[in-house]
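Reviewing the structure listed below.
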Amino acid sequence: MNRPSPRRRVGSFLALATAITLVASGCSAASTSTTIDATAPAKLTGTVSFWHFFSDREAKVVQSVVDDFTKVNPGVKVDVHSGQDDEKLKKAIAAGNSIDLGLSYSTDIVGNFCSSGAFRDLGPYITRDKIDLTQFNKTVRSYTEYKGTRCSMPVLADDYGLYYNKKLLAAAGFSAPPKTLSELKKMALGLTTYNADGSIKTLGFNPMMGFYENAASHFGPLAGARWLSKNGNSAIGGDAAWTELMTWQKSFIDAIGYDKVNAFTSGLGQEFSADNAFQTGQVAMNMDGEYRTAFIDDQTPNLEYGTAPMPTADDHTNLYGGGYITGNIAGISKGAKNPEAAWALLKYLTTDTGAIVKLSNGLKNVPTTADALASPDLAVTPQFKTFLDIVANEHSGTTPPSPVGAGYQQSFEDFWHKYQSGSGSGLAAGLAKVDKDIDASIALTTGP
Amino acid sequence: MLAPAILGLLIFFVYPLIASVYYSFTRFDLVSPPQWIGLRNYIYLFTQDPNVWQAAGNTLWFVVVLVPVRILTALGVAWLLVRAKRASGFWRTLFYLPALVPPVAAVVAFVFLFNPGTGPVNLILRAIGIQGPLWFNDPAWSKPSLLLLGVWVMGDVMIIFLASLLDVPQELYEAASLDGAKSWQKGWFVTLPAIVPVLVFSVITGVIAALQYFTEAAVASSVASGRATVGEGGGATLGYPDNSLLTYTEWLYVRGFSNYQLGYASALAVVLFVVASVVLLVLLRRVRAFTPEEAS
């Protein structure tokens, strides 16, 4: 019996391995073309596999709306998979798992999911069913599409404003929240109290980047700051708005002392717990999303607080009333087995006023359609009303979809963290390096 | 007879390894077909990646500090336990018990214990007039804080050393005593050669684990940042504070699954594999010189 030589065996083995690799990689090829029936089916049937990230109480709210959908469409069974984060979603889509509809908590995935085809182009469905996209405002429309391809629809929004403790403000002699960043700093310093050893007892406003919702993305709209230029490269270093915001934030920290603010911040409770520093009164004013109203109702119902739009940069007072908007998005997976039923469910979740209002009342997120925002059935407290106004404001902004997800924001924040502690390079040189890093990362994904 | 084992090896080791090498030369986002881009990922890794060297440095810290400290502590505790005359079962259980705590729970507990404002550690230090550090919230202290955690859960290594020390033949000690050996000479010439295989095993597994260090650092960053959430991933807090806990595998994860650069992440994985292989080969060659067979 002839035994193959070791070299031949290695060669055969490598050939086999290469074949396996190429076959497997070929299996993952995306198909982005979407061909659909000329008319929507009169009667929907089959099963829709619906993946979303909500859990516990919030998952029950989503389930109740799904149940409403199946009552109207008795031929459809919705197989709901709750508690699935974005990474699991993408891995499952890539692996060809049976997912029809996916719901994500992050608009940062849109650039990649649209360009890679992980989510199908919804354009043909929208055209066929004559969906009026102007019912969503411009910002919401912008974060659900990428380079002209609409692969997702908005499922409620989060927006960010200023929470203030009425008792603490009144005790310090303030009767209204600040409207400019200079006012915010001045009021915050007046509201800050110290222990006998010089450490901070209560803070008027915590300026530390990275504290709870203090993210660059949330500060950007306060000065109309831009992230990416039209050609997709970083616009951060060349935008004076970022320099203005960073200079203000650094001067605020320096007025108290970085070490003191850092020590104080380090001892604060978890953001998503009853120990949240605003809820405990350790911080008098705080930037947060509309969902905080639900946490306060649940955990500290006796807290006397108000909400307002975030103050704007001093030379951008015309932007007052706006803020950062983001939200949940949903799309039909490239491997959807029942795309028509998935589209029907997606359309129901994102355009049916009754469904949106029910979701909003249950999840305490902001509706995204004009009709739902004006619905008398929407449960609106004075504090929550602020966030409905922010989402409708023309000056509200968001972060642009990118093929590298939130990578460009992370690069910028890495530098901002160093800058605020005084350990980074100078501002201009640092921002130039940020631009260079972001451009190199994007080029790695999109370059020739 | 060997077919199932070979099949398993091909599917779960050889194929992923070859696939990773292939993807490392491509632009790949997991969904679109991979595009061949030659050495582009490797050039970016060595010349343009803004965080890879810091991540590699942090990982190296865990390899050269955490691994030896854990092993020496475990060896020291095992040595003491061998000599314990009373309640040895109690002491063995006490030192081993922390190793049974799930890693995530252990890290969460540690971060709360060492919370600079409300944690009992700093409260005790304050009571005796010492201003405690910010522990997991200070870039200079975050890694030493994880080192303390690593030492606390060293029971898994300690139990192996304990078994090894108890397994050293008493006759060898008796013979050494007859030859007039002192305590340290018995330790150096009898105990150490006898436990070298276990020591080598501990070093190798420890180095591999340190090169892949992820869970403890990720959870510590998430909890210490005050933004721990359930269900929304932890990508935004990885590395906190100031990337001092950003490990190489965390960075690989960020680039692969948050930035959708699976091709580049594969290049990072290949480099890690090569580095780990070289380190372990060097380690094995150097250690072989100390084994009893080589000595004889």
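Check A:L427 against each of (1) touching a residue at least 40 places away in the same chain (Cβ under 8 Å); (2) buried (at least 22 other Cβ atoms within 10 Å of the Cβ); (3) of a type in the set (A, V, I, L, M); (4) in contact with a helix residue (DSSP H, G or I) (Cβ under 8 Å, 6 or more places away or on another chain) and name the one condition it does not meet.
(2)
Could you check region B:138-168 and list, in sequence order, the residues that are within 14 Å of chain A (Cβ to nearest Cβ) and closer than 30 Å to B:R92 by Cβ? If you could, list the steps in order and put the result at the bottom.
Start the filter on region B:138-168 by keeping residues that are within 14 Å of chain A (Cβ to nearest Cβ), which leaves B:138-142, B:145.
Within region B:138-168, B:S145 is the sole residue that qualifies.
Residues of region A:170-188 being over 30 Å from the mean Cα position of the chain (by Cα) and either touching a residue at least 40 places away in the same chain (Cβ under 8 Å) or assigned to a loop (DSSP other than H, G, I, E, B) (or both), which ones?
Residues satisfying the conditions are A:A172, A:G173, A:F174, A:S175.
Output the number of the condition that A:L345 fails; it satisfies all remaining conditions of (1) more than 30 Å from A:E183 (Cα to Cα); (2) not assigned by TED's automatic domain parsing to the domain that holds A:L122.
(2)
One line per residue, one yes/no per condition, for (1) of a type in the set (V, I, T); (2) within 30 Å of A:A277 (Cα to Cα); (3) away from chain A (no Cβ under 14 Å); (4) surrounded by fewer than 21 Cβ atoms within 10 Å (Cβ to Cβ):
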position	(1), (2), (3), (4)
B:V121	yes, yes, no, yes
B:I128	yes, yes, yes, yes
B:Q131	no, yes, no, yes
B:F136	no, yes, no, no
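Pick from region A:404-424 the residues that are within 19 Å of the chain's Cα centre (by Cα) and assigned to a helix (DSSP H, G or I): which of them is farthest from the other protein chains (Cβ to nearest Cβ)?
Residue satisfying both the conditions and the ranking: A:F412.
Condition first: of a type outside the set (D, E), under 30 Å from A:A170 (Cα atoms) and modelled with pLDDT under 95. Can you find one or more residues in region A:343-364 that meet it? Steps first, please.
As a first pass, look at region A:343-364 and keep what is of a type outside the set (D, E): A:343-351, A:353-364.
Now restrict to residues that are under 30 Å from A:A170 (Cα atoms): A:364.
Pick out the ones that are also modelled with pLDDT under 95 and you get A:364.
Yes, the conditions are met somewhere in region A:343-364.
Any chance region A:242-249 includes a residue that's without any contact (Cβ under 8 Å) to a residue 24 or more places away in the chain and more than 13 Å from chain B (Cβ to nearest Cβ)? I'd like the intermediate steps shown before the answer.
Taking region A:242-249 first, the residues without any contact (Cβ under 8 Å) to a residue 24 or more places away in the chain are none.
No: zero hits.
Kindly indicate whether any position in region B:74-95 is in contact (Cβ under 8 Å) with a residue 24 or more places away in the chain and farther than 24 Å from B:S183 by Cα.
Yes: region B:74-95 contains one or more residues that are in contact (Cβ under 8 Å) with a residue 24 or more places away in the chain and farther than 24 Å from B:S183 by Cα.
Check off (1) within 14 Å of chain A (Cβ to nearest Cβ); (2) assigned to a helix (DSSP H, G or I); (3) touching a residue at least 24 places away in the same chain (Cβ under 8 Å) for B:S222 and give me the number that stays unchecked.
All conditions are met except number (3).
Does A:K385 count as within 10 Å of chain B (Cβ to nearest Cβ), farther than 17 Å from A:V155 by Cα and assigned to a helix (DSSP H, G or I)?
no
Would you check if B:L245 is within 18 Å of A:D414 (Cα to Cα), in contact with a helix residue (DSSP H, G or I) (Cβ under 6 Å, 6 or more places away or on another chain) and of a type outside the set (V, I, T)?
Numbers: within 18 Å of A:D414 (Cα to Cα): yes; in contact with a helix residue (DSSP H, G or I) (Cβ under 6 Å, 6 or more places away or on another chain): yes; of a type outside the set (V, I, T): yes.
So B:L245 passes the test.
Any residue in region B:119-142 that is outside any loop (DSSP other than H, G, I, E, B), under 30 Å from the mean Cα position of the chain (by Cα), among the small types (G, A, S) and at pLDDT below 95?
no
Inspect all residues belonging to region A:144-156 and state whether any of them is within 20 Å of A:D37 (Cβ to Cβ) and within 14 Å of another protein chain (Cβ to nearest Cβ). Before you say what the answer is, go through the steps one by one.
Taking region A:144-156 and keeping what is within 20 Å of A:D37 (Cβ to Cβ), we get A:150-151, A:153.
Subsequent filtering for residues that are within 14 Å of another protein chain (Cβ to nearest Cβ) retains A:151.
Checking region A:144-156: at least one residue is within 20 Å of A:D37 (Cβ to Cβ) and within 14 Å of another protein chain (Cβ to nearest Cβ).
Given the structure, is A:V155 within 19 Å of B:V31 (Cβ to Cβ) and β-branched (V, I, T)?
Here the answer is no, as A:V155 does not meet what is asked.
Out of A:A215, A:A188, A:A225, I need the residue that is touching an Asp or Glu at 6+ places or on another chain (Cβ under 6 Å) and either at pLDDT below 95 or closer than 29 Å to A:L431 by Cβ (or both). Which one?
Numbers: A:A215 fails: touching an Asp or Glu at 6+ places or on another chain (Cβ under 6 Å); A:A188 fails: touching an Asp or Glu at 6+ places or on another chain (Cβ under 6 Å).
Only one candidate passes the filter, namely A:A225.
Please count how many residues of region B:7-53 are surrounded by 18 or more Cβ atoms within 10 Å (Cβ to Cβ), more than 24 Å from A:G447 (Cβ to Cβ) and more than 9 Å from every other protein chain (Cβ to nearest Cβ).
0
So A:T399 passes all but one of these: (1) closer than 30 Å to A:Y164 by Cβ; (2) not in a loop (DSSP other than H, G, I, E, B). Which condition number does it fail?
The one condition A:T399 does not meet is (2).
Looking only at helices (runs of 4 or more DSSP H) that lie completely in region A:238-338, which have at least 3 residues being in the same structural domain as A:T381 (by TED's automatic domain parsing)?
Working: elements: A:240-256, A:258-266, A:277-280, A:292-299.
Of the helices (runs of 4 or more DSSP H) lying wholly inside region A:238-338, none has at least 3 residues that are in the same structural domain as A:T381 (by TED's automatic domain parsing).
Does A:T202 satisfy being assigned by TED's automatic domain parsing to the domain that holds A:K250 and within 16 Å of A:S251 (Cα to Cα)? Spell out the reasoning first.
Working: assigned by TED's automatic domain parsing to the domain that holds A:K250: yes; within 16 Å of A:S251 (Cα to Cα): no.
Considered against the rule, which asks whether it is assigned by TED's automatic domain parsing to the domain that holds A:K250 and within 16 Å of A:S251 (Cα to Cα), A:T202 comes out as no.
Yes/no per residue for (1) on the phi > 0 side of the Ramachandran plot; (2) of a type in the set (F, W, Y); (3) part of a helix (DSSP H, G or I):
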site	(1), (2), (3)
B:P116	no, no, no
B:L149	no, no, yes
B:I160	no, no, yes
B:V168	no, no, no
B:A176	no, no, yes
B:G187	no, no, yes
B:V190	no, no, yes
B:F201	no, yes, yes
B:V207	no, no, yes
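Looking at (1) over 30 Å from B:I37 (Cβ atoms); (2) more than 23 Å from the chain's Cα centre (by Cα); (3) within 9 Å of chain B (Cβ to nearest Cβ); (4) part of a helix (DSSP H, G or I), find the lone condition where A:K433 falls short.
A:K433 satisfies all of (1) over 30 Å from B:I37 (Cβ atoms); (2) more than 23 Å from the chain's Cα centre (by Cα); (3) within 9 Å of chain B (Cβ to nearest Cβ); (4) part of a helix (DSSP H, G or I) except (1).
Which residue is farthest from the other protein chains (Cβ to nearest Cβ), if the candidates are limited to region A:59-85 and must be in a strand (DSSP E or B) and β-branched (V, I, T)? Lay out the reasoning, then the answer.
Let us first name the residues in region A:59-85 that are in a strand (DSSP E or B), namely A:76-81.
Those left that are additionally β-branched (V, I, T): A:76, A:78, A:80.
On the way: A:V76: 26, A:V78: 20, A:V80: 15 Å.
This residue is A:V76.
Just need a number here: residues in region A:118-135 that are surrounded by 23 or more Cβ atoms within 10 Å (Cβ to Cβ) and over 21 Å from A:V66 (Cα atoms).
Step one: list which residues in region A:118-135 are surrounded by 23 or more Cβ atoms within 10 Å (Cβ to Cβ), which gives A:118-120, A:122, A:125.
From what's left, over 21 Å from A:V66 (Cα atoms): A:118, A:120.
Of the residues in region A:118-135, 2 are surrounded by 23 or more Cβ atoms within 10 Å (Cβ to Cβ) and over 21 Å from A:V66 (Cα atoms).
Right, B:I195: away from chain A (no Cβ under 14 Å), aliphatic (A, V, I, L, M), over 30 Å from B:F28 (Cβ atoms) and in contact with a helix residue (DSSP H, G or I) (Cβ under 7 Å, 6 or more places away or on another chain) or not?
yes
Got at least one residue in region B:232-240 being part of a helix (DSSP H, G or I), under 30 Å from A:E87 (Cβ atoms), within 14 Å of chain A (Cβ to nearest Cβ) and touching a residue at least 40 places away in the same chain (Cβ under 8 Å)?
For region B:232-240, residues part of a helix (DSSP H, G or I), under 30 Å from A:E87 (Cβ atoms), within 14 Å of chain A (Cβ to nearest Cβ) and touching a residue at least 40 places away in the same chain (Cβ under 8 Å): absent.
Just wondering, is there one or more residues in region B:56-75 that are at the interface with chain A (Cβ under 9 Å from one of its Cβ atoms) and either out of contact with any helix residue (DSSP H, G or I) (no Cβ under 9 Å at 6 or more places or on another chain) or surrounded by fewer than 17 Cβ atoms within 10 Å (Cβ to Cβ) (or both)?
Within region B:56-75 (the criterion being at the interface with chain A (Cβ under 9 Å from one of its Cβ atoms) and either out of contact with any helix residue (DSSP H, G or I) (no Cβ under 9 Å at 6 or more places or on another chain) or surrounded by fewer than 17 Cβ atoms within 10 Å (Cβ to Cβ) (or both)), the answer is no, since none of the residues qualifies.
Restricting the first residue to region A:41-58 and requiring it to be within 14 Å of chain B (Cβ to nearest Cβ), which pairs with a second residue that is acidic (D, E) meet a Cβ separation below 7 Å and a spacing of at least six or different chains?
What qualifies is A:F53/A:D85; A:F53/B:E232.
The values are calculated or read from the model by the stated rules, or taken from the named source; none is laboratory data. Just so you know, these numbers come straight off a predicted model, no measurement behind them. Here the Cβ is made from the backbone with ideal geometry for all residues, glycine too, and neighbour counts use every protein chain on show.
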